[in-house]
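For reference, the structure is listed below as structure tokens.
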Amino acid sequence: VEETNDPQNALEKLDETTYDLIFLDIRTPGMSGMELHKEISTRWPEQADRIIFITGDTSDLLTREYLVAHQTPYITKPFDLKKLDTIANEFLAKRNI
């Protein structure tokens, strides 16, 4: 497991590593999670299919429209470790990873 709160660092990591699963917050400093998702989709489309968004704001119209348009799974805040584990395992099982 690796983590970063810096979108540029995330891009650098993706340049070097392939991940089974990526949790990506919608709200990130310097670049929104949606912008980061678009960049990942362009540069590493196979990695974009491994993203689960994390959001605390599904009431935001722009966020809802983006999630629907891209059919990207998401988990809403607050969540506990058990829910995170369940979502990750279900996601990986569907993709046979």
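The values are calculated or read from the model by the stated rules, or taken from the named source; none is laboratory data. Here the structure is a predicted model, which means the values were calculated and not measured. With ideal geometry, Cβ positions are generated from the backbone for all residues, glycine too; neighbour counts draw on all protein chains shown. Calculation scope for accessible area: heavy atoms of the full protein, side chains included, ligands and nucleic acids excluded. Shrake-Rupley method; radii C 1.70, N 1.55, O 1.52, S 1.80 Å.
Region 46-90 and region 1-43 have their alpha-carbon centroids 14 Å apart.
Counting Lys and Arg as +1 and Asp and Glu as -1, each charge on the Cβ, what is the dipole of region 1-92 about the Cα centre in debye, to the nearest 20? Mind showing how you got there, number by number?
On the way: 9 positive and 18 negative charges, 63 e Å.
Charge dipole of region 1-92: 300 debye, to the nearest 20.
Amide H contacts under 5 Å for L24: I52, F53, I54, restricted to partners 5 or more places along the chain or on a different chain, H placed in the peptide plane at 1.01 Å from N.
If you take all other residues with their beta carbon under 9 Å from the beta carbon of D20, and give Lys and Arg +1 and Asp and Glu -1, the sum is +2.
The modelled label-to-label distance between R64 and D85, using points 7 Å beyond Cα along the C-beta direction, is 3.3 nm.
Along the axis of the charge dipole computed for the chain (Cβ charges of +1 for Lys and Arg, -1 for Asp and Glu, origin at the Cα centre), the listed residues S59, L21, V1 are led at the positive end by S59. What the phi angles of region 14-23 give under the Karplus curve with 6.51, -1.76 and 1.60, with θ = phi - 60°, is a coupling list of 5, 5, 10, 9, 9, 10, 6, 8, 10, 8 Hz, glycine and proline written as x.
Calculated from the alpha-carbon coordinates, the chain shows an Rg and a Dmax of 12.8, 35 Å respectively. The residues of the chain expose on average 65 square angstrom of accessible surface per residue, using a 1.4 Å probe on protein heavy atoms.
With contacts taken as Cα pairs under 8 Å and at least 6 residues apart, the chain reaches a relative contact order of 24 percent.
Just the number, please: carbon plus sulfur as a percent of the accessible area of the chain, 1.4 Å probe, no ligands or DNA/RNA counted. Here carbon and sulfur together make up 49 percent of the probe-accessible area.
Applied to region 78-88, the Karplus parametrisation 6.51 cos²θ - 1.76 cosθ + 1.60 on θ = phi - 60° returns per-residue 3J(HN,Hα) values of x, 9, 10, 4, 5, 5, 4, 4, 4, 5, 4 Hz, with x for Gly and Pro.
Accessible surface of K77, taken over heavy atoms with a 1.4 Å probe and every protein chain present, rounds to 90 Å².
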